[in-house]
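**Student:** Before we start, here is the structure in question, set down as C-alpha coordinates.
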Amino acid sequence: MAEPSPLENDLFFRIQVKAALRERIRSLRRALPALARLERSQRIASRLFNHPAWERANSVLLYASMPTEVNTQPIEQKARQMKKRIACPRITENHLDVRLWEEGVTPFPQGHLAPEPPPDAPPFPLSEIELVVVPAIALDPRGARIGYGRGYYDRLLPLLPKAHFIGIIFDFQLVSEVPETPYDVRVHTVITDCRTIEASPSPLLPNLEKNFD
(Lines give C-alpha, C1' and ligand atoms only; values in the text may rest on other atoms or scores of the structure.)
Protein backbone atom coordinates (compact mmCIF):
# COMPACT_ATOMS: atom_id res chain seq x y z
CA MET A 1 0.00 0.00 0.00
CA ALA A 2 1.33 3.41 -0.99
CA GLU A 3 2.31 5.85 1.75
CA PRO A 4 -0.03 8.84 2.15
CA SER A 5 1.18 11.96 0.39
CA PRO A 6 2.04 15.09 2.42
CA LEU A 7 -1.21 16.65 1.18
CA GLU A 8 -3.22 13.64 2.36
CA ASN A 9 -1.48 13.72 5.74
CA ASP A 10 -2.24 17.41 6.09
CA LEU A 11 -5.87 16.86 5.17
CA PHE A 12 -6.20 14.04 7.72
CA PHE A 13 -4.69 16.27 10.42
CA ARG A 14 -7.10 19.12 9.56
CA ILE A 15 -10.09 16.79 9.77
CA GLN A 16 -8.94 15.58 13.20
CA VAL A 17 -8.47 19.13 14.48
CA LYS A 18 -11.90 20.16 13.19
CA ALA A 19 -13.51 17.19 14.93
CA ALA A 20 -11.81 18.05 18.22
CA LEU A 21 -12.84 21.71 17.96
CA ARG A 22 -16.38 20.70 17.10
CA GLU A 23 -16.76 18.57 20.21
CA ARG A 24 -15.12 21.11 22.54
CA ILE A 25 -17.23 24.03 21.36
CA ARG A 26 -20.45 22.02 21.37
CA SER A 27 -19.75 21.18 25.02
CA LEU A 28 -19.19 24.86 25.82
CA ARG A 29 -22.39 25.80 24.04
CA ARG A 30 -24.40 23.18 25.95
CA ALA A 31 -23.11 24.68 29.21
CA LEU A 32 -24.44 28.17 28.39
CA PRO A 33 -27.38 29.00 30.71
CA ALA A 34 -30.74 29.37 28.97
CA LEU A 35 -31.20 33.03 29.97
CA ALA A 36 -27.72 33.94 28.74
CA ARG A 37 -28.44 32.14 25.47
CA LEU A 38 -31.60 34.19 24.94
CA GLU A 39 -29.90 37.48 25.80
CA ARG A 40 -26.92 36.80 23.55
CA SER A 41 -29.18 35.63 20.74
CA GLN A 42 -31.07 38.92 20.92
CA ARG A 43 -27.80 40.87 20.67
CA ILE A 44 -26.83 38.83 17.62
CA ALA A 45 -30.21 39.50 16.05
CA SER A 46 -29.85 43.24 16.68
CA ARG A 47 -26.46 43.26 14.93
CA LEU A 48 -27.93 41.32 12.02
CA PHE A 49 -30.80 43.82 11.66
CA ASN A 50 -28.24 46.65 11.33
CA HIS A 51 -26.35 44.94 8.52
CA PRO A 52 -26.87 46.31 4.98
CA ALA A 53 -27.41 42.79 3.59
CA TRP A 54 -30.41 42.37 5.91
CA GLU A 55 -31.86 45.72 4.86
CA ARG A 56 -31.49 44.87 1.15
CA ALA A 57 -32.80 41.33 1.22
CA ASN A 58 -36.37 40.60 0.21
CA SER A 59 -35.89 36.88 0.80
CA VAL A 60 -33.96 35.14 3.57
CA LEU A 61 -32.89 31.54 4.04
CA LEU A 62 -33.11 30.98 7.79
CA TYR A 63 -32.58 27.81 9.78
CA ALA A 64 -34.91 26.87 12.64
CA SER A 65 -32.62 26.72 15.66
CA MET A 66 -31.98 23.79 17.98
CA PRO A 67 -32.06 24.42 21.76
CA THR A 68 -28.31 25.05 22.17
CA GLU A 69 -27.87 27.19 19.04
CA VAL A 70 -28.31 30.91 18.57
CA ASN A 71 -32.08 31.35 18.86
CA THR A 72 -33.40 32.36 15.44
CA GLN A 73 -36.94 33.11 16.56
CA PRO A 74 -36.31 36.89 16.89
CA ILE A 75 -34.91 36.87 13.34
CA GLU A 76 -37.97 35.08 12.00
CA GLN A 77 -40.29 37.52 13.78
CA LYS A 78 -38.46 40.56 12.43
CA ALA A 79 -38.43 39.16 8.91
CA ARG A 80 -42.22 38.68 9.12
CA GLN A 81 -42.66 42.25 10.32
CA MET A 82 -40.60 43.51 7.39
CA LYS A 83 -42.59 41.36 4.94
CA LYS A 84 -39.51 39.41 3.86
CA ARG A 85 -40.05 35.98 2.31
CA ILE A 86 -38.51 33.26 4.46
CA ALA A 87 -37.07 29.98 3.23
CA CYS A 88 -36.03 27.14 5.54
CA PRO A 89 -33.80 24.13 4.79
CA ARG A 90 -35.02 20.57 4.91
CA ILE A 91 -32.67 17.58 4.73
CA THR A 92 -33.47 15.35 1.77
CA GLU A 93 -31.14 12.42 1.19
CA ASN A 94 -27.67 14.02 1.07
CA HIS A 95 -28.54 17.69 0.52
CA LEU A 96 -30.60 20.59 1.82
CA ASP A 97 -33.93 21.05 0.11
CA VAL A 98 -35.04 24.68 0.45
CA ARG A 99 -38.71 25.22 1.25
CA LEU A 100 -40.97 28.18 1.93
CA TRP A 101 -41.36 28.87 5.66
CA GLU A 102 -45.00 29.87 5.71
CA GLU A 103 -46.32 32.15 8.42
CA GLY A 104 -47.92 30.22 11.26
CA VAL A 105 -45.98 27.04 10.45
CA THR A 106 -43.52 25.88 13.09
CA PRO A 107 -40.69 23.66 11.80
CA PHE A 108 -40.27 20.54 13.90
CA PRO A 109 -37.59 17.84 14.32
CA GLN A 110 -37.98 15.00 11.83
CA GLY A 111 -35.15 12.66 12.75
CA HIS A 112 -32.38 14.88 11.42
CA LEU A 113 -30.15 17.54 12.97
CA ALA A 114 -32.61 20.41 13.30
CA PRO A 115 -36.28 21.38 13.04
CA GLU A 116 -37.48 21.34 9.45
CA PRO A 117 -40.48 22.48 7.41
CA PRO A 118 -43.13 19.82 6.83
CA PRO A 119 -42.76 17.60 3.74
CA ASP A 120 -45.56 19.41 1.92
CA ALA A 121 -44.02 22.89 2.32
CA PRO A 122 -43.70 24.54 -1.12
CA PRO A 123 -40.24 24.61 -2.75
CA PHE A 124 -38.42 27.97 -2.66
CA PRO A 125 -36.49 29.02 -5.80
CA LEU A 126 -32.76 29.15 -5.04
CA SER A 127 -32.31 32.00 -7.51
CA GLU A 128 -34.48 34.26 -5.34
CA ILE A 129 -32.53 33.89 -2.09
CA GLU A 130 -30.67 37.10 -1.24
CA LEU A 131 -29.45 36.41 2.29
CA VAL A 132 -28.50 33.19 4.07
CA VAL A 133 -28.24 33.02 7.85
CA VAL A 134 -25.75 30.20 8.30
CA PRO A 135 -25.43 28.06 11.46
CA ALA A 136 -21.98 27.06 12.68
CA ILE A 137 -20.13 25.32 15.47
CA ALA A 138 -17.19 27.68 14.95
CA LEU A 139 -16.14 30.52 12.67
CA ASP A 140 -12.93 32.46 12.25
CA PRO A 141 -12.41 36.10 11.17
CA ARG A 142 -11.85 34.99 7.56
CA GLY A 143 -15.34 33.47 7.48
CA ALA A 144 -14.05 29.88 7.53
CA ARG A 145 -16.57 27.62 9.20
CA ILE A 146 -16.89 24.39 11.13
CA GLY A 147 -20.36 22.94 10.69
CA TYR A 148 -21.91 19.73 11.96
CA GLY A 149 -19.77 17.49 9.79
CA ARG A 150 -22.27 16.58 7.06
CA GLY A 151 -21.33 19.19 4.45
CA TYR A 152 -24.91 20.28 3.76
CA TYR A 153 -24.26 24.02 3.67
CA ASP A 154 -20.97 23.60 1.81
CA ARG A 155 -22.95 21.95 -0.98
CA LEU A 156 -25.86 24.41 -0.88
CA LEU A 157 -24.13 27.79 -0.68
CA PRO A 158 -22.37 27.60 -4.07
CA LEU A 159 -25.83 27.24 -5.64
CA LEU A 160 -26.86 30.70 -4.35
CA PRO A 161 -24.84 33.20 -6.41
CA LYS A 162 -27.00 36.22 -5.47
CA ALA A 163 -26.94 35.60 -1.74
CA HIS A 164 -24.89 37.17 1.05
CA PHE A 165 -23.85 34.59 3.65
CA ILE A 166 -23.92 35.63 7.32
CA GLY A 167 -22.71 33.17 9.96
CA ILE A 168 -24.13 33.69 13.45
CA ILE A 169 -22.46 32.33 16.58
CA PHE A 170 -21.90 33.17 20.22
CA ASP A 171 -18.66 35.04 20.71
CA PHE A 172 -16.93 32.10 22.42
CA GLN A 173 -17.43 30.12 19.20
CA LEU A 174 -15.12 32.50 17.32
CA VAL A 175 -11.69 30.91 16.90
CA SER A 176 -8.47 32.41 15.58
CA GLU A 177 -8.29 30.07 12.58
CA VAL A 178 -10.41 27.18 11.36
CA PRO A 179 -8.37 24.38 9.72
CA GLU A 180 -10.06 24.47 6.32
CA THR A 181 -10.58 21.36 4.22
CA PRO A 182 -11.41 20.99 0.51
CA TYR A 183 -14.69 22.49 -0.66
CA ASP A 184 -15.27 24.37 2.60
CA VAL A 185 -17.30 27.49 1.81
CA ARG A 186 -16.69 30.66 3.80
CA VAL A 187 -19.33 33.13 4.86
CA HIS A 188 -19.13 36.80 3.89
CA THR A 189 -19.92 38.13 7.37
CA VAL A 190 -19.50 36.80 10.91
CA ILE A 191 -21.85 38.11 13.59
CA THR A 192 -21.49 37.31 17.29
CA ASP A 193 -23.06 38.86 20.37
CA CYS A 194 -19.98 41.12 20.65
CA ARG A 195 -18.86 41.96 17.11
CA THR A 196 -19.54 42.02 13.38
CA ILE A 197 -16.69 40.95 11.09
CA GLU A 198 -16.62 41.37 7.34
CA ALA A 199 -14.77 38.28 6.21
CA SER A 200 -12.96 36.94 3.16
CA PRO A 201 -15.23 34.45 1.37
CA SER A 202 -12.64 33.07 -1.05
CA PRO A 203 -11.22 29.69 0.07
CA LEU A 204 -7.45 29.29 0.03
CA LEU A 205 -7.14 25.52 -0.27
CA PRO A 206 -7.16 23.52 -3.51
CA ASN A 207 -10.39 21.73 -4.35
CA LEU A 208 -9.88 17.99 -4.01
CA GLU A 209 -12.51 15.28 -4.01
CA LYS A 210 -14.44 15.32 -0.74
CA ASN A 211 -16.47 17.61 1.43
CA PHE A 212 -15.94 17.41 5.17
CA ASP A 213 -17.88 20.54 6.35
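The values are calculated or read from the model by the stated rules, or taken from the named source; none is laboratory data. Everything numeric in this text was worked out from a predicted model, so none of it was measured. A quick note on method: Cβ atoms are made from the backbone with ideal geometry, for glycine too, and the neighbour counts reach across all protein chains shown.
**Student:** Conditions: (1) more than 28 Å from residue 36 (Cα to Cα); (2) hydroxyl-bearing (Ser, Thr, Tyr); (3) under 13 Å from the mean Cα position of the chain (by Cα). Residue 181 meets all but one. Number of the miss?
**Tutor:** Going through (1) more than 28 Å from residue 36 (Cα to Cα); (2) hydroxyl-bearing (Ser, Thr, Tyr); (3) under 13 Å from the mean Cα position of the chain (by Cα) one by one, residue 181 breaks only (3).
**Student:** Within segment 63-85, how many residues are assigned to a strand (DSSP E or B) and crowded, with 22+ Cβ neighbours inside 10 Å?
**Tutor:** Qualifying residue count, segment 63-85: 0.
**Student:** Also: Return the pairs, sorted by first residue and then second, in which the second residue is of a type in the set (Lys, Arg) and modelled with pLDDT of 80 or more, the first residue lies in segment 96-110 and is under 14 Å from residue 60 (Cβ atoms) and part of a strand (DSSP E or B), the beta carbons are less than 9 Å apart, and the residues are 6+ apart or on different chains.
**Tutor:** Matching pairs, first to second residue: 98/90; 99/90; 100/85.
**Student:** Quick one: in segment 88-100, which of the residues that are farther than 30 Å from residue 31 by Cα and buried (at least 22 other Cβ atoms within 10 Å of the Cβ) is farthest from the chain's Cα centre (by Cα)?
**Tutor:** 99
**Student:** Among the residues in segment 125-139, are any of a type in the set (Asp, Glu), more than 21 Å from residue 18 (Cβ to Cβ), in a loop (DSSP other than H, G, I, E, B) and without any contact (Cβ under 8 Å) to a residue 40 or more places away in the chain?
**Tutor:** Within segment 125-139, not a single residue is of a type in the set (Asp, Glu), more than 21 Å from residue 18 (Cβ to Cβ), in a loop (DSSP other than H, G, I, E, B) and without any contact (Cβ under 8 Å) to a residue 40 or more places away in the chain.
**Student:** What number goes with the only condition from (1) in a loop (DSSP other than H, G, I, E, B); (2) under 17 Å from the mean Cα position of the chain (by Cα) that residue 60 does not pass?
**Tutor:** Unmet condition: (1).
**Student:** Can we say residue 154 is of a type in the set (D, E, K, R), outside any strand (DSSP E or B) and at pLDDT 90 or above?
**Tutor:** For residue 154, the condition - of a type in the set (D, E, K, R), outside any strand (DSSP E or B) and at pLDDT 90 or above - is met.
**Student:** Moving to a separate point now. Within segment 146-160, take every residue that is in contact (Cβ under 8 Å) with a residue 60 or more places away in the chain and charged (D, E, K, R) and give me the one that is nearest to residue 197 (Cα to Cα).
**Tutor:** 155
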